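The structure under discussion appears below in the form of structure tokens.
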Amino acid sequence: MDKYLFHSEAINLFRDKIYRDIYTKWDISGDEKRIKDVSDGAVYDGFEMKDRNTKKTLFLRSTFMKNGDKGHITQIMPIKVIDTKKIVYGKKIYHLITQWKSVKFDASDYMPFRTFFDSWFPLEHTNEEDKLVAKFAVLASATARGLSRIVTGAGFGKDGMADNLINVVGKGRNVGSASPAKLFQLISDDFTVFNELAGFSGEKKDIMQKFFLETGDVSKNVYEHGTTGSDKTASQGDISNYGWCIFHNLPEYYVEKGQSTFEQMFTPAVFDRIFPLLLDGRVASDNSFINVNKDFKKMVDENITDYAEWIGCFYRIKRDINSVVLRYDLSRYDLSMKGRKEASSRFYNTFYRIAKLVQEYSKSDDEFYKIMDLIFDRHKKYIKKVQDMGLI
């Protein structure tokens, strides 16, 4: 797969071509209603959706006919709207969706896992080993409900790495802090990156702590979001496939600014849930990849199949990884911390999920253990750092 397909300009063109004018279930507002087209007497049951750019009210029918079968709207979404029909009903103008296509990609076996992994985020790096570690941690969160915390200096490229994945797949979010309602919506994407999540205090911190405690418990498959106002009911979200990563700077960065470090912000129960990694290096500043001069539109148009196969591989990993049996013994890696039994068992949950991806990638036993040694070492380096700083 051509590495330039992961250039930011190519990805932006791909997103515009595939994901522009798409709508998810979160764009649906209100309860199901019935409208009538007075021009021909046709009656339609469905839901309103507001177009964020034009402010037009779209009308999405409750069911669609596809291959002779009725499919519920939430099963086919997200959808890309192709055409609409204007209907005036009462005092309101609706734009009935008459032509659409689902932008869901199916899992496929066309692309080998190693090709998938190596082609993603192909920028040169001053520390290729730590870049490799970061990619496995991010992918474990995106596909296998991993919970990692990646801690680096400036310029490492962790945001670009996550955005590369999110923007091609068209699923997931890279956010800072968020309201409880927004956090609940993020669950439907199955993957979130929480960016620069340190230095917070007050309500922001409390909201995030509650969310991490509840979604970070891998024994639970349901997250309950309580509503406010007159309707005191609670909504439930399926978190059985929901993983997240936290990105932030080195702890001394926050100490020097007089802000709280991650360990000072959150309770030990939050720390214990999230597998931390201390990584070094930065994206190479003289990288010719960044300043390349290519016809990206032509490249994207000619390589849609490659993108589709790459996305199909992502969904194959996500579909199958939980059933993969780890063939390797991980007992050589002692994740225990003195006086913190809870932490070692929770850290192992993510470490184990990462190991299954490393197994799929590795060509030999030696390569598997070489990569796992790197991951273990970067984990222990972070634990030693925060212990030496007196943060835990």
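The values are calculated or read from the model by the stated rules, or taken from the named source; none is laboratory data. As the structure is a computational prediction, the values presented were derived from the model and not from experiment. Neighbour counts run over all protein chains shown; Cβ positions are idealised from the backbone, glycine included.
Name every residue in segment 311-338 that is among the hydroxyl-bearing types (Ser, Thr, Tyr), loosely packed, with under 14 Cβ neighbours inside 10 Å and outside any helix (DSSP H, G or I), in order of residue number.
Residues satisfying the conditions are 331, 336.
Would you confirm, using the coordinates I've provided, whether residue 366 is more than 22 Å from the chain's Cα centre (by Cα), over 23 Å from residue 280 (Cα atoms) and in the same structural domain as residue 328 (by TED's automatic domain parsing)?
yes
Give the residues of segment 1-20 that are assigned to a loop (DSSP other than H, G, I, E, B) and surrounded by 14 or more Cβ atoms within 10 Å (Cβ to Cβ), sorted by residue number.
1, 2, 7, 19
Residues that are in contact (Cβ under 8 Å) with a residue 60 or more places away in the chain, more than 23 Å from residue 15 (Cβ to Cβ) and within 21 Å of the chain's Cα centre (by Cα): does segment 88-103 have at least one?
No, segment 88-103 has no match at all.
Mind listing whichever residues of segment 1-31 are acidic (Asp, Glu) and at pLDDT 85 or above?
Answer for segment 1-31, where residues must be acidic (Asp, Glu) and at pLDDT 85 or above: 2, 9, 16.
For segment 159-193, what are the residues that are hydrophobic (A, V, I, L, M, F, W, C) and touching a strand residue (DSSP E or B) at 6+ places or on another chain (Cβ under 7 Å)?
162, 166, 175, 184, 186, 187, 191, 193
Which residue is nearest to residue 250 (Cα to Cα), if the candidates are limited to segment 339-378 and must be basic (Lys, Arg) and part of a helix (DSSP H, G or I)?
378
Looking at segment 194-222, which of its residues are closer than 17 Å to residue 253 by Cβ and part of a loop (DSSP other than H, G, I, E, B)?
Correct list: 196, 197, 198, 199, 200, 201.
Name the pairs: first residue in segment 263-275 and on the phi > 0 side of the Ramachandran plot, second residue assigned to a helix (DSSP H, G or I) and surrounded by fewer than 20 Cβ atoms within 10 Å (Cβ to Cβ), Cβ to Cβ under 6 Å, at least 6 apart or on different chains?
Short answer, once both residue conditions are applied: none.
Against the definition (of a type outside the set (Asp, Glu) and either in contact (Cβ under 8 Å) with a residue 60 or more places away in the chain or surrounded by fewer than 15 Cβ atoms within 10 Å (Cβ to Cβ) (or both)), how does residue 308 come out, yes or no?
Answer is yes for this residue.
State yes or no: is residue 184 part of a loop (DSSP other than H, G, I, E, B) and more than 13 Å from the chain's Cα centre (by Cα)?
Spelling it out, it is not the case that residue 184 is part of a loop (DSSP other than H, G, I, E, B) and more than 13 Å from the chain's Cα centre (by Cα).
Filter segment 379-392 down to residues that are part of a helix (DSSP H, G or I) and not basic (Lys, Arg) and give me whichever is farthest from residue 351 (Cα to Cα).
388
Which of (1) over 23 Å from residue 141 (Cβ atoms); (2) modelled with pLDDT under 85 is the odd one out, the single condition residue 236 does not satisfy?
That leaves (1) as the condition not met.
Out of (1) assigned to a loop (DSSP other than H, G, I, E, B); (2) over 23 Å from residue 106 (Cα atoms), what's the single condition that is false for residue 240?
(2)
What are the pairs with Cβ atoms under 7 angstrom where one residue, in segment 43-60, is farther than 17 Å from residue 100 by Cβ and the other, located anywhere, is surrounded by 10 or more Cβ atoms within 10 Å (Cβ to Cβ)? Sequence gap at least six, or different chains.
43/34; 43/36
Has segment 328-345 got any residue that is within 23 Å of the chain's Cα centre (by Cα) and either modelled with pLDDT of 95 or more or under 30 Å from residue 219 (Cβ atoms) (or both)?
no
Listed residues 332, 346, 353; which is closer than 27 Å to residue 271 by Cα and in contact with an Asp or Glu (Cβ under 7 Å, 6 or more places away or on another chain)?
Criteria check complete, one pass: 346.
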